[in-house]
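Since the structure comes first, as structure tokens, the remarks are kept for the end.
The values are calculated or read from the model by the stated rules, or taken from the named source; none is laboratory data. As the structure is a prediction and not an experimental result, all values here were calculated from the model. Cβ sites come from the backbone with ideal geometry, for glycine too, and all protein chains shown count toward neighbours. Accessible surface areas use protein heavy atoms only, side chains included; no ligands, DNA or RNA. Shrake-Rupley method; radii C 1.70, N 1.55, O 1.52, S 1.80 Å.
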Amino acid sequence: MKIDNRYARLDPRLFHKQPPEPLSNPIAGHFNAALAEQLDWQFTEAQDWVPILAGQVVPEGFDPLAMAYAGHQFGQWAGQLGDGRGLLLAQIIDKKGQLQDLHLKGVGLTPYSRMGDGRAVLRSVIREYLAGHALNSLGIASSNALGFVSSSTPVQREKLERGACLLRVADSHVRLGHFEWINKFAPDALPDFTTAMIESYFPECQNAESPILAFAQVVIAKTAKTIADWQLVGFAHGVMNTDNLSITGSTLDFGPYGFMERFEPTWINNHSDHSGRYVYQNQPSIAHWNLWVWLGQLLPLNAVDPLVNKESLSAVLSTFEPEFLHHYTLGMSQKMGLNDEQKGVLELSSDFLRILERNRLDLTNSFRSLSDDSDQGWRLLRLECISIEEMEKFDTFAAQYQNLVNESGLTALERQTMMDGANPIYVLRNHIAQTAIERAEAGDFSEVTRIFDLLATPFTRQIEHETAADIAPLPDNHPPVSVSCSS
Ligand code: AMP
Ligand code: MG
């Protein structure tokens, strides 16, 4: 393992170095062997990795620290936040030459814990573990995790729960909110910090006329791509505060997230979000708002680079929407098996989504069925429509879709291959994660393993490993699994 603790060499005001506070009687939850291989992580036996993930052992060369950051939460300035229950253990260069952060979450109090207890509970650790894996397997930029442990350390939430730790792996833990913290609490550190971020994460920007503007541009583009990817699979992050968005565009901080089942644009899995700020359909505009806040943080850099000013930063921000639409249109064309240069793809996909919405149809399954042009395929969705009127609307859609398919110039095989690589069969439905959590809380991690394996190849049917619940939305009259910010 090649260690390169760059963050620990930055301005010491930006973090607090400290060791983890260990969990008691840790037991192995799950270990991501494929990720370990990519990282060249040598502690692959449970007897070696469990004590590390429990905070009992800090390997040589690791230099644990809690990062300071700030942020806007639910649209309001929230002041200093920071790693309140996690530590950046080390940074390493993986086998692909990519810098990766190893961050242990659930390791006790830090100077940034505020009112919290510094711990994470098993259910939230499993949710984060499976979500990072699910998104990575779908090809969506996201943190992942090397593994997790459970323990006998009691943690008080609504009820007493088990303390757990997750070893999170991400290409960066630098959040938009880091820049907010620096401007508020150490403004003189901003130029050096920005230079260090460009050097570490976007070295290609160093040669631009204005490296800072080039950096801003990449962050906008990366975020736009990730949000487009979320929208395409129905992922709702749930807490898109500026402290939860990474500068690399990788999905970070899974709390009350969810994968949508029946299509509902105003869907939110976060029952703490009473105003619905972070509902699925708001995600692109919220990302835009967060990036606007972030670009404002770069304004003082005008002192070191006169090309950075209100006008140039606004121009950078204005690229967000076209970037988002570009990726969304491309992705939607693939999901529908159409040519992205064809006219009318977005309009037609929007008609399709409205049909799903009005008829309470499952997003994942409905899109997957579109690649089956046989009599047993997507036309059967007609039978799931709730009224004659809706069936007629479906017929109109079907005729238009058929026309676009004919016009696309793609062969049936090309179409199917493209669609089956863009429309997953398996997503992490809330009730699936919930079942795995309940079993794990009783000491049985086999369901976590089964789901982990299933989600590793979400585009490939695995009849022998799937259960009926894996591919069906919860019945409409069933109360949804309730998830809030408390984790
Ligand atoms: P989140 O909503 O999980 O992104 O967390 C927002 C802020 O609260 C971050 O600064 C976290 O580190 C902090 N935080 C969340 N839960 C805890 C906890 N149990 N103990 C200490 N800090 C926490
Ligand atoms: Mg957070």
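One line per residue, one yes/no per condition, for (1) surrounded by fewer than 21 Cβ atoms within 10 Å (Cβ to Cβ); (2) within 18 Å of Ala236 (Cα to Cα):
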position: Ala120; (1), (2): no, no
position: Ile126; (1), (2): no, yes
position: Ala134; (1), (2): no, yes
position: Ser143; (1), (2): no, yes
position: Leu146; (1), (2): no, no
position: Ser152; (1), (2): yes, no
position: Lys159; (1), (2): yes, no
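Kindly indicate whether any position in segment 52-68 is part of a helix (DSSP H, G or I), farther than 30 Å from Trp292 by Cα and more than 10 Å from ligand 1 (Cβ to nearest atom). There is at least one residue in segment 52-68 that is part of a helix (DSSP H, G or I), farther than 30 Å from Trp292 by Cα and more than 10 Å from ligand 1 (Cβ to nearest atom).
Within the set of pairs 6+ apart or on separate chains, which have a first residue in segment 319-333 that is of a type in the set (A, V, I, L, M, F, W, C), a second that is outside any helix (DSSP H, G or I), and C-beta atoms under 8 Å apart? Short answer, once both residue conditions are applied: Leu330/Asp340. I'd like to check something: does segment 241-255 contain any residue that is at pLDDT below 95, within 16 Å of ligand 2 (Cβ to nearest atom) and not aliphatic (A, V, I, L, M)? Yes, segment 241-255 contains a residue that is at pLDDT below 95, within 16 Å of ligand 2 (Cβ to nearest atom) and not aliphatic (A, V, I, L, M). Scoring Glu261 on the criteria (1) of a type in the set (D, E, K, R); (2) in contact with a strand residue (DSSP E or B) (Cβ under 8 Å, 6 or more places away or on another chain); (3) open to solvent by 40 Å² or more (accessible area, probe 1.4 Å) leaves a single failure, condition (3). Scan Thr435, Thr449, Thr460, Thr417 and give me the residue that is in a loop (DSSP other than H, G, I, E, B) and either at pLDDT 95 or above or in contact with a Pro (Cβ under 6 Å, 6 or more places away or on another chain) (or both). So the residue among Thr435, Thr449, Thr460, Thr417 that is in a loop (DSSP other than H, G, I, E, B) and either at pLDDT 95 or above or in contact with a Pro (Cβ under 6 Å, 6 or more places away or on another chain) (or both) is Thr460. Whenever a residue of segment 250-264 is touching a residue at least 60 places away in the same chain (Cβ under 8 Å) and hydroxyl-bearing (Ser, Thr, Tyr), its partners that are in a loop (DSSP other than H, G, I, E, B) and away from ligand 1 (no atom under 12 Å from the Cβ), lying with C-beta atoms within less than 8 angstrom and at least six residues away or across chains, give the pairs Ser250/Ala141; Ser250/Ser143; Ser250/Asp171; Ser250/Ser172; Thr251/Ile140; Thr251/Ala141; Thr251/Ser143; Tyr257/Asn269.
Among the conditions (1) hydrophobic (A, V, I, L, M, F, W, C); (2) within 16 Å of ligand 2 (Cβ to nearest atom); (3) part of a loop (DSSP other than H, G, I, E, B), the only one that Ala78 does not satisfy is (3). Residue count for segment 4-51 under the criterion of being surrounded by fewer than 22 Cβ atoms within 10 Å (Cβ to Cβ) and either touching a Cys at 6+ places or on another chain (Cβ under 9 Å) or assigned to a loop (DSSP other than H, G, I, E, B) (or both): the result is 16. The set of residues in segment 350-382 that are among the acidic types (Asp, Glu) and crowded, with 21+ Cβ neighbours inside 10 Å contains only Asp362.
Counting the residues of segment 170-203 that are under 21 Å from Gly79 (Cα atoms), surrounded by fewer than 17 Cβ atoms within 10 Å (Cβ to Cβ) and of a type in the set (Asp, Glu) gives 1. Among the residues of segment 299-335, write down those that are over 28 Å from the mean Cα position of the chain (by Cα), charged (D, E, K, R) and open to solvent by 80 Å² or more (accessible area, probe 1.4 Å). Within segment 299-335, Lys310, Glu311 qualify.
Taking the conditions exactly as written (surrounded by 19 or more Cβ atoms within 10 Å (Cβ to Cβ) and not polar (S, T, N, Q)), does Gly108 satisfy them or not? Yes; evaluated as a whole, the condition is true for this residue.
The residues of segment 216-256 that are more than 16 Å from ligand 1 (Cβ to nearest atom), aliphatic (A, V, I, L, M) and open to solvent by 10 Å² or more (accessible area, probe 1.4 Å), listed by number, are Val218, Ala221, Leu232, Val233.
Applying the condition of being within 22 Å of Glu438 (Cα to Cα) and within 10 Å of ligand 1 (Cβ to nearest atom) to segment 112-127 and asking which residue is farthest from the chain's Cα centre (by Cα) yields Arg119. Residue pairs whose Cβ atoms lie under 8 Å apart, separated by 6 or more positions or on different chains, with the first residue in segment 57-82 and without any contact (Cβ under 8 Å) to a residue 40 or more places away in the chain and open to solvent by 10 Å² or more (accessible area, probe 1.4 Å) and the second aromatic (Phe, Trp, Tyr) and more than 9 Å from ligand 1 (Cβ to nearest atom), are Pro59/Phe43. Of everything in segment 408-451 that is basic (Lys, Arg) and crowded, with 18+ Cβ neighbours inside 10 Å, the residue that is farthest from Asp229 (Cα to Cα) is Arg450. A single member of Ser151, Ser137, Ser142 is under 27 Å from Gln47 (Cβ atoms) and either touching a helix residue (DSSP H, G or I) at 6+ places or on another chain (Cβ under 8 Å) or hydroxyl-bearing (Ser, Thr, Tyr) (or both), and it is Ser151. Within the span defined as segment 39-49, one or more residues are modelled with pLDDT of 95 or more, closer than 22 Å to Ala164 by Cβ, under 24 Å from the mean Cα position of the chain (by Cα) and not basic (Lys, Arg).
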